[in-house]
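To start, the structure itself, in structure tokens.
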Amino acid sequence: MSMNVGSPDDEDEVVSAINTTPLVDVMLVLLIIFLITIPVVTHTVKVNLPKDANQPSQTKPQNVIIAVNEAGQIFWDTVPVKDTHDLLVRLEAAAVKQPQPEVQIRGDALSRYESVGKVVYACQQAGISKVGFITQPPPHGG
């Protein structure tokens, strides 16, 4: 005596639902592990750490400020520089100082990128290790 459930022509239907039971099991195990290990991490030995004031041992050199105006003219502080060769000579003299000063470039917003790029390239050729750009923050709410 045999019993047929369904016809032999029926194919197994594809189950499109995701089995979330293994995911829930893994998440519960991770939750338990974290709950057990967090109190161990937060316990520390109380120690009175020494207090020290930060006092620099060397005097900081004067920063070199180079400005580039809208026309592409280069200024060393407020003194105009004749050309990029003169700028390179001045930067090489500043590069040998110990400690080496930082070069800060102030480029006009309307100046060509090429003018500022020449200053950066001259700093690279002179061996200046610290080059920064001075910008103006935008107005509040802008």
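A few comments on the model shown:
- Some residue of region 60-83 being under 12 Å from A126 (Cα atoms), more than 27 Å from the chain's Cα centre (by Cα) and polar (S, T, N, Q): no
- If the condition is being assigned to a loop (DSSP other than H, G, I, E, B) and within 14 Å of Q62 (Cβ to Cβ), then region 79-127 contributes K97, Q98, P99, Q100, P101, E102.
- Inside region 92-132, residues that are farther than 17 Å from P80 by Cα, touching a residue at least 40 places away in the same chain (Cβ under 8 Å) and basic (K, R) make up a count of 1.
- Selection count, region 1-23, where residues are surrounded by fewer than 10 Cβ atoms within 10 Å (Cβ to Cβ) and at pLDDT 80 or above: 6
- No other residue among S129, S115 is modelled with pLDDT of 90 or more, hydroxyl-bearing (S, T, Y) and in contact with a Gly (Cβ under 8 Å, 6 or more places away or on another chain) apart from S115.
- Within region 86-125, considering residues that are loosely packed, with under 15 Cβ neighbours inside 10 Å and of a type in the set (K, R), the one farthest from E70 (Cα to Cα): K97
- Residue in region 74-94 that is on the phi > 0 side of the Ramachandran plot and not aliphatic (A, V, I, L, M) present: yes
The values are calculated or read from the model by the stated rules, or taken from the named source; none is laboratory data. Here the structure is a predicted model, which is why all the values come from computation and not from measurement. Note that we place each Cβ from the backbone using ideal geometry, even for glycine, and neighbour counts take in every protein chain shown.
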